[in-house]
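One structure is given below, encoded as structure tokens.
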Amino acid sequence: RLPQNDPAVLALRLDLTLHTGDTSEARRQLDRLVGDPEVVRNLRAAVVKSSVLRQSAEQLLDAGFILDAWARLREWSALVPSDRLTGTLGLARSRLWRRLGWLDGALSELDGAILLNPLLPNLPEVELERAGILLEAGQRDKGREVLARIAKEYPNHPAANAAKDMLR
């Protein structure tokens, strides 16, 4: 019943497309969403609010308020869809899915973020989360391989120290 150009509908389509692994269609969906005049008009306020929503979602997730964290993430996704290009939204959503025990969904979020933008500014954190999920899923060899790559490729990043600790 929602209009086809509604930002919430477009964000949901983007999520579904990313989960299928179709990066070319995901880019088209993201362009439609980011190009929405309403989104562009409210971008400055949205960037500030997205930071608040991110922090709120993290705090709610840490406190165990899963549904409230999920609501904040949905609001953030609709408000600033371009945060998918920085990896922050995908990382936060992955942590939610991991907390719920849906490890395949958590990995899918991270893989989608990397496929959408291979030069993520927070790639070490994304990879560290990915390694943790792989280890939790029982894929020790793959997880340790990702941890070793983090330690080697990002030696001065805090994620490298965490990766080294996890390798021990």
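The values are calculated or read from the model by the stated rules, or taken from the named source; none is laboratory data. These figures come from a predicted structure and were not determined experimentally. Positions of Cβ are generated from backbone atoms using ideal geometry, with glycine treated the same way; all protein chains shown enter the neighbour counts. Side chains are part of the model used for accessible areas, which takes the heavy atoms of the whole protein and leaves out ligands, DNA and RNA. Shrake-Rupley method; radii C 1.70, N 1.55, O 1.52, S 1.80 Å.
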| message | Against the conditions (1) free of Cβ contacts under 8 Å to residues at least 40 places away in the same chain; (2) under 15 Å from the mean Cα position of the chain (by Cα); (3) surrounded by fewer than 20 Cβ atoms within 10 Å (Cβ to Cβ), where does L115 fall short? Just the number, please. | response | (1)
| task | Identify all residues within the range 79-103 that are at pLDDT below 95, in a helix (DSSP H, G or I) and open to solvent by 30 Å² or more (accessible area, probe 1.4 Å); write none if there are none. | result | L79, S82, T88
| message | Quick check on R28: is it closer than 18 Å to S108 by Cβ and modelled with pLDDT of 80 or more? | response | no
| field | Hits in the range 143-158 - residues which are open to solvent by 70 Å² or more (accessible area, probe 1.4 Å) and either among the charged types (D, E, K, R) or closer than 18 Å to A106 by Cβ (or both) | value | R144, E145, R149, K152, E153
| message | Given (1) open to solvent by less than 20 Å² (accessible area, probe 1.4 Å); (2) over 15 Å from the mean Cα position of the chain (by Cα); (3) not aromatic (F, W, Y), identify the lone condition not met by A57. | response | (2)
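Among the residues of the range 143-167, write down those that are among the charged types (D, E, K, R) and either within 18 Å of R95 (Cα to Cα) or within 19 Å of the chain's Cα centre (by Cα) (or both). Please lay out each step first, then the result.
First pass over the range 143-167, keeping only residues among the charged types (D, E, K, R): 144-145, 149, 152-153, 164-165.
Matches in the range 143-167: none.
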| So G64, is it surrounded by 17 or more Cβ atoms within 10 Å (Cβ to Cβ) and either in contact with a strand residue (DSSP E or B) (Cβ under 8 Å, 6 or more places away or on another chain) or at positive phi (or both) | no
| query | Out of curiosity, is N161 surrounded by fewer than 18 Cβ atoms within 10 Å (Cβ to Cβ) and not in a loop (DSSP other than H, G, I, E, B)? | reply | yes
| task | Go through the residues of the range 125-142 one by one and say whether even a single one is assigned to a helix (DSSP H, G or I), open to solvent by 50 Å² or more (accessible area, probe 1.4 Å), within 18 Å of T88 (Cα to Cα) and touching a residue at least 40 places away in the same chain (Cβ under 8 Å). | result | no
